[in-house]
Amino acid sequence: MIKKSFPNNFLWGGAIAANQAEGGYNEGNKGLSVQDTVRYNKNLNRKDLSTVKKFSSETIKQALQEKDNLESYPKRRGIEFYKYYKEDIALFKEMGFKVFRLSIAWSRIFPNGDELEPNEEGLAFYDQVFDELQKQDIEPLVTISHFEMPLGLVEEYGGWQNRKLIEFYVRYAKVLFNRYKDKVKHWITFNEINAVNFTPFTSSGLVKDRIENYQQATFQAAHHQFVASALAVQEARKIISDVKIGCMIARFTTYPATPKPEDIMQMTHDDQYKNFFFTDVQVRGYYPSYMNRYFIENNITIEKVEGDNSILKKGTVDFVAFSYYMSMISSANPEHLEQTAGNLVGGIKNPYLEASDWGWQIDPIGLRYSLNQLYDRYQKPLFIVENGIGAIDKLEPNEEIHDSYRIDYFKKHIEQMREAIIDGVDLMGYTMWSPIDIISSGTSEMSKRYGFIYVDQNDDGSGTLKRYRKDSFYWYKKVIESNGEQLD
Ligand code: BG6
């Protein structure tokens, strides 16, 4: 029997992250997170990530001196989901959401990261959010760590290169599982775990000017996250009945620049080192052999403790989640090829694809290709937990927002998801990014909007924060109502 379209229990919804949405950065005893140190650069070049990715001991010091500055640190204010969560969840319900992906701000629960007891006010906040979701019959999908670790773990322990972080993370995860075991059944251990290679500060708390062998530190940090994730998987299974817990990567679908065998080989390696390494360990439960050569040639020695291999083996995941925004190109001779920007990292321009205003290459067929590839490799259910387009939207005088470009983007991607399901892929659900405008992760802009819901806030934080339904809001509602059949 071949499937003809989306299964009846398909989980339609949307995804956000605490640090980009909540605000309330110092309320309820919350500690500072790495994101609270990320300053908005007014002179940023949207297509050049080097103008935004500037993290150092100096930027942390400045942020600590400017503790009360909300204007220059947009993630401290988010869109005030901390206050507006009921209203926002009601809007998600209106669109018919079955699932809502959110992350928990680690520094709300453990303000410095290394405390022995959690902060009750932080836990109580998420109780209220989950209760509201339950009331609206929306399933939560929770990311335990989404680029928002407590700053204390960076300042006092050096981030994830330190093995102590495993203990702190597992304590934190166990607190969440015990507290929310009746309310949350779907979990993701780390957002885009492969981001350690591209945004080591926000994903893993690595401060470049404090580290001697930076590449070694990133892979050591990744190892500690793998072990922490595998331990959390085992704990979740002990504590929560019928739990589903997954891993997640930022999927960089990769094509060769030409049919030249050298380019194909380069593509194979890029795919292995930047993507599959991270899922292979978490799905198969061991380090893939192709990494041995990479580690030797790059002078990397992963320090493992006895027992780590068996922890990885016992902590394999139930499903594979990934974000998908764009595809990439690999070339053995990239020097003279035109470059473009992208999610977390830039790359070579594909002449066959259009790009967003931020230079991210739009490739719906790449999503079908990726779904086939990942399912073929792992034979585990897949979950697309981020996909969307950042764009400049205009609020018209009559309070409407005509975002046909966004509808077009989603329509083409959902069509390809359906094709992949017919191809035989087991796809559990789809949480697009992000149902409501939030602060951009990469550039900290408000004007890079992803939402079906417009939030009246400017880059400098001015605005009423009022929410407005865009044209795409009504469109997505119909998509969910028709279980993916009505896309026009
Ligand atoms: C993903 C992150 O990498 O990309 C999200 O998990 C992020 O947190 C999303 O928001 C889109 O990136 P940006 O930089 O446009 O916000």
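The values are calculated or read from the model by the stated rules, or taken from the named source; none is laboratory data. Bear in mind the structure is a predicted one, so any value in this text is a computation, not a measurement. Note: ideal-geometry Cβ built from the backbone for every residue, glycine included; neighbour counts use all protein chains shown.
Just a few scattered comments:
- Single match in Ala195, Ala173 (criterion: away from the ligand (no atom under 16 Å from the Cβ) and under 18 Å from the mean Cα position of the chain (by Cα)): Ala173
- All positions within segment 228-275 that are of a type in the set (D, E, K, R), within 30 Å of Asn162 (Cβ to Cβ) and part of a helix (DSSP H, G or I): Glu235, Arg237, Lys238, Asp270, Asp271, Lys274
- Selection from segment 240-256 of residues that are surrounded by 15 or more Cβ atoms within 10 Å (Cβ to Cβ) and at pLDDT 95 or above: Ile240, Val243, Lys244, Ile245, Gly246, Cys247, Met248, Ile249, Ala250, Arg251, Tyr255, Pro256
- Test: residue in segment 75-89 that is under 30 Å from Ile421 (Cα atoms), within 20 Å of the chain's Cα centre (by Cα) and small (Gly, Ala, Ser): no
- Among the numbered conditions (1) over 19 Å from the mean Cα position of the chain (by Cα); (2) in contact (Cβ under 8 Å) with a residue 12 or more places away in the chain; (3) in a loop (DSSP other than H, G, I, E, B), the only one that Ile389 does not meet is (1).
- Flag for Phe278 being part of a helix (DSSP H, G or I), touching a residue at least 12 places away in the same chain (Cβ under 8 Å) and in contact with a strand residue (DSSP E or B) (Cβ under 9 Å, 6 or more places away or on another chain): yes
- Flag for Leu116 being loosely packed, with under 15 Cβ neighbours inside 10 Å, modelled with pLDDT of 95 or more and more than 16 Å from the ligand (Cβ to nearest atom): yes
- Residue in segment 348-365 that is surrounded by the most Cβ atoms within 10 Å (Cβ to Cβ), counting only those that are touching a helix residue (DSSP H, G or I) at 6+ places or on another chain (Cβ under 9 Å) and under 29 Å from Ile436 (Cβ atoms): Asp363
- Pair list, Cβ under 9 Å, 6 or more apart: segment 401-415 residue within 17 Å of Tyr369 (Cα to Cα), other residue in a helix (DSSP H, G or I) and among the hydroxyl-bearing types (Ser, Thr, Tyr): Phe410/Ser472; Phe410/Tyr476
- For segment 458-488, residues that are in a strand (DSSP E or B) and exposed (fewer than 14 other Cβ atoms within 10 Å of the Cβ) total 0.
- Residue list for segment 366-408, filter: closer than 22 Å to Tyr255 by Cα and surrounded by fewer than 21 Cβ atoms within 10 Å (Cβ to Cβ): Tyr369, Asn372, Gln373, Tyr375, Asp376, Arg377, Tyr378
- Of the residues screened, Glu212 is one that is more than 21 Å from Phe278 (Cβ to Cβ), more than 16 Å from the ligand (Cβ to nearest atom), modelled with pLDDT under 95 and surrounded by fewer than 18 Cβ atoms within 10 Å (Cβ to Cβ).
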